[in-house]
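Input: a single structure, listed below in structure tokens.
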There are 2 protein chains.
Amino acid sequence: MTSEPALVERWRSLLSSYNEVAGHLERALQETHGLTMGEFETLDRLITVTCEKRRMQELAADMYLSQSALSRTVARLEKGGLVRRSLCEDDRRGIFVSVTEEGLQRHADARATHRAILAEHLGTSAPAG
Amino acid sequence: MTSEPALVERWRSLLSSYNEVAGHLERALQETHGLTMGEFETLDRLITVTCEKRRMQELAADMYLSQSALSRTVARLEKGGLVRRSLCEDDRRGIFVSVTEEGLQRHADARATHRAILAEHLGTSAPAG
DNA sequence: AGAAGATACATGCGCACGCATTAAATGTCG
DNA sequence: CGACATTTAATGCGTGCGCATGTATCTTCT
């Protein structure tokens, strides 16, 4: 049973941790690799999973992005050649998303930055609780 | 010494906790009280502190918002009559911000919603770590 | 088969954000 | 005092987001 003041405390802590890390992450990924945090996370989720193609919907379920945000994020990634969209034959409303070679490469590069930022800005702060 | 995979794990957990809570909070505060999360947090910080007036700069230091975002947030709050801006006589570059009666009231109302959302969406999830 | 409703993704719109710049006030040093 | 750097807050601009809606496709029920 968490008391209310403690709850607010926990929220503030979460808020500042998140913003600290997200801020640096966003800047670093953008500057060094031309990627939004959302773009990186999307790539990351596309790659971490075994199957080659994933439907928008599955992707959305894994993520914090809204459906519309995901749609646009994938559109940007495709425009940048990092991802490919293809029709789903079984259900022609569906869209499959797959990572291109360039996408794999860019993600691999960006991952280093990602880890570094996490180590620097998440590693030092105490895990809440 | 946190291992790298664990770090990423921790980040993803932070990311989803944050977005879960922030999403619901934003919606609830907007719908019920016409307040942005940033606006509420700003009011909250203005009120939690002992002194009556606070300078933008001090406020900014407490918060995750950028200087420009804070400036606009305060402008919105003022436009809504929840906050008042006044010149700082000692240093006329500075701006003091103080909460109006209406601001106090609105904050008091919103606080209930805030706590409720936290209890619902932060209370159940295990504190990371 | 045909109509009504559900589902999947795309898009119009408005909003809050961050970065870079600007305007006003202060501090510094000759 | 007067020129120049510094600091504080406001603002122009571009970007990504969520909500609501649009369009195409699938499902269900008769």
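Observations
- Residues located in the stretch B:83-92, provided they are near DNA strand D (Cβ under 8 Å from one of its atoms) and modelled with pLDDT under 95: B:Cys88, B:Asp91
- Failed item, numbered, when B:Ala116 is tested on (1) closer than 30 Å to B:Arg10 by Cβ; (2) within 14 Å of DNA strand C (Cβ to nearest atom); (3) of a type in the set (A, V, I, L, M); (4) out of contact with any Asp or Glu (no Cβ under 7 Å at 6 or more places or on another chain): (2)
- For the stretch A:61-82, a tally of residues being surrounded by fewer than 18 Cβ atoms within 10 Å (Cβ to Cβ), within 8 Å of DNA strand D (Cβ to nearest atom) and within 21 Å of B:Leu14 (Cα to Cα) returns 3.
- So B:Leu29, is it surrounded by 14 or more Cβ atoms within 10 Å (Cβ to Cβ) and in contact with a strand residue (DSSP E or B) (Cβ under 9 Å, 6 or more places away or on another chain): no
- Residue within the stretch A:104-122 that is over 22 Å from A:His24 (Cα atoms) and touching a residue at least 24 places away in the same chain (Cβ under 8 Å) present: yes
- Flag: B:Glu58 does not match the condition of being within 23 Å of A:Leu7 (Cβ to Cβ), near DNA strand D (Cβ under 10 Å from one of its atoms) and away from chain A (no Cβ under 14 Å).
- Taking the stretch B:39-54 as the range and being at pLDDT below 90 and either surrounded by 13 or more Cβ atoms within 10 Å (Cβ to Cβ) or of a type in the set (Ser, Thr, Tyr) (or both) as the test, the residues that pass are B:Thr48, B:Val49, B:Thr50, B:Lys53, B:Arg54.
- All positions within the stretch A:43-62 that are within 12 Å of DNA strand C (Cβ to nearest atom) and within 24 Å of B:His24 (Cα to Cα): A:Met56, A:Gln57, A:Glu58, A:Leu59, A:Ala60, A:Ala61
- All of A:Gly34, A:Gly23, A:Gly38, A:Gly81 fail the test of being within 30 Å of B:Ala116 (Cα to Cα) and away from DNA strand C (no atom under 12 Å from the Cβ), apart from A:Gly38.
The values are calculated or read from the model by the stated rules, or taken from the named source; none is laboratory data. Predicted, not measured: the structure shown is a model, and the values here were computed from it. Heads up, the Cβs are rebuilt from the backbone with ideal geometry, glycines too, and the neighbour counts pull from every protein chain shown.
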